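A short worksheet on the structure shown next.
The values are calculated or read from the model by the stated rules, or taken from the named source; none is laboratory data. It should be emphasised that the depicted structure is a prediction, and the values quoted were computed from it without experimental measurement. Using ideal geometry, Cβ is built from the backbone for each residue, glycine included, and neighbour counts are taken over all protein chains shown.
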Amino acid sequence: MSEQTSVLIVDDESPARARLRELLGDLAKEFKVEVAGEASSGTEALMMIESLQPHVVFLDVQMPGMSGIELARHLSAQAAHGRMLMPMVVFVTAFDEFAIEAFEVRAIDYLLKPVRVARLLDTLRRIGQRSAEERIEMTGSAAKLLAPKRRHLSVHERGRVQLVPIEQVIYLKAEMKYVTIRTREREFLIEESLTSLEDEFSDVFVRIHRNALVSKAAIAGFERVSADGSGEGSDPYWQVVLHELPDRLPVSRRQWSVVRNLVS
């Protein structure tokens, strides 16, 4: 590595973070590595990665709240929407059974704890062989690969990240440059495209209109209405009736043939 490489260490165990920081320090003469920060959770790491833009993230797999695998998928989704350049990801874990998942999310390497100096040295050499152009290319291809496996949507709100479980989302509605996430309790705003969300979660949501996706499980039925609020009159249309909300969402004519059979 001819230039200094910034690193973020993500692990919920403080001794593990300290151990990795020490090892990186031991190799500082050969590899110009700067530990830009440490995070003890996936949600904390999301915020730090967006602000620090590290080249490499050393990432524990098993953490409470958000696993390292899911964090990698969120990074890919954010990179795909221009929030950041996808960092190179190195998983660090005490378990070898996650290796296949790790390389499915395009990890640079997979280190087993306790990490040995010789093994870390090999990882740093791999990182050093990656150019900026390869990193940009990885961002685009990884986005398509990783996004379908997220279990949460990440919402940036008041300087923190809040995770919204996919199973709690009743509908998604595009408004201007934002998408509104509607759960039973409240609304959230995210800057993702409705089309990409539709592609990612096609097994969970169905498009009912050009600006709305609805959870298939949340659909209780449909009702026919017209401009005057009745089911008759000129130009009647269908609305979705939801299980847990009084909200009514219109179904476009184009999508009616797709959604009409979702409720038996």
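Which condition does residue 230 not pass, out of (1) at pLDDT below 90; (2) surrounded by 16 or more Cβ atoms within 10 Å (Cβ to Cβ), if it passes all the others?
(2)
Conditions (1) within 19 Å of the chain's Cα centre (by Cα); (2) modelled with pLDDT of 90 or more; (3) closer than 30 Å to residue 78 by Cβ; (4) in a strand (DSSP E or B), marked per residue:
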site: 181; (1), (2), (3), (4): yes, yes, yes, yes
site: 185; (1), (2), (3), (4): no, yes, yes, no
site: 206; (1), (2), (3), (4): no, yes, yes, yes
site: 213; (1), (2), (3), (4): yes, yes, yes, yes
site: 235; (1), (2), (3), (4): no, no, no, no
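Do we have any residue at all in the stretch 159-166 that's in a helix (DSSP H, G or I), out of contact with any Cys (no Cβ under 7 Å at 6 or more places or on another chain) and at pLDDT 90 or above? Full working, then the answer.
Let us first name the residues in the stretch 159-166 that are in a helix (DSSP H, G or I), namely 166.
Going one step further and asking which of them are out of contact with any Cys (no Cβ under 7 Å at 6 or more places or on another chain), we end up with 166.
Now narrow it down to the ones that are at pLDDT 90 or above: 166.
Among the residues of the stretch 159-166, at least one is in a helix (DSSP H, G or I), out of contact with any Cys (no Cβ under 7 Å at 6 or more places or on another chain) and at pLDDT 90 or above, which makes the answer yes.
From the residues in the stretch 9-41 that are free of Cβ contacts under 8 Å to residues at least 40 places away in the same chain and part of a strand (DSSP E or B), which one is surrounded by the most Cβ atoms within 10 Å (Cβ to Cβ)?
Checked the stretch 9-41; the qualifying residue surrounded by the most Cβ atoms within 10 Å (Cβ to Cβ) is 39.
Among the numbered criteria (1) farther than 18 Å from residue 116 by Cα; (2) outside any loop (DSSP other than H, G, I, E, B), which single criterion is violated by residue 66?
The one condition residue 66 does not meet is (2).
Condition check: modelled with pLDDT of 70 or more and surrounded by fewer than 21 Cβ atoms within 10 Å (Cβ to Cβ). Does residue 140 satisfy that? Walk me through it before giving the result.
Values: modelled with pLDDT of 70 or more: no; surrounded by fewer than 21 Cβ atoms within 10 Å (Cβ to Cβ): yes.
No: the conditions fail for residue 140.
Within the stretch 42-57, can you find the residues that are small (Gly, Ala, Ser) and surrounded by fewer than 18 Cβ atoms within 10 Å (Cβ to Cβ)?
The one that is small (Gly, Ala, Ser) and surrounded by fewer than 18 Cβ atoms within 10 Å (Cβ to Cβ): 51.
Counting only residues that are free of Cβ contacts under 8 Å to residues at least 24 places away in the same chain, surrounded by fewer than 21 Cβ atoms within 10 Å (Cβ to Cβ) and within 21 Å of residue 244 (Cα to Cα), how many does the stretch 172-201 have?
5
Just to be sure, is residue 6 within 24 Å of residue 154 (Cβ to Cβ), touching a residue at least 40 places away in the same chain (Cβ under 8 Å) and of a type in the set (S, T, N, Q)? First the steps, then the outcome.
Working: within 24 Å of residue 154 (Cβ to Cβ): yes; touching a residue at least 40 places away in the same chain (Cβ under 8 Å): yes; of a type in the set (S, T, N, Q): yes.
Spelling it out, residue 6 is indeed within 24 Å of residue 154 (Cβ to Cβ), touching a residue at least 40 places away in the same chain (Cβ under 8 Å) and of a type in the set (S, T, N, Q).
Taking the stated definitions as given, is residue 85 surrounded by fewer than 23 Cβ atoms within 10 Å (Cβ to Cβ) and either out of contact with any Lys or Arg (no Cβ under 6 Å at 6 or more places or on another chain) or of a type in the set (D, E, K, R) (or both)?
So residue 85 passes the test.
Give the residue, chosen from 52, 85, 59, 71, that is under 13 Å from the mean Cα position of the chain (by Cα) and either closer than 17 Å to residue 163 by Cβ or not charged (D, E, K, R) (or both).
71
Just the residues that are in contact (Cβ under 8 Å) with a residue 40 or more places away in the chain, within 15 Å of residue 152 (Cβ to Cβ) and surrounded by 14 or more Cβ atoms within 10 Å (Cβ to Cβ), please, taken from the stretch 58-67.
Passing the criteria: 63, 66.
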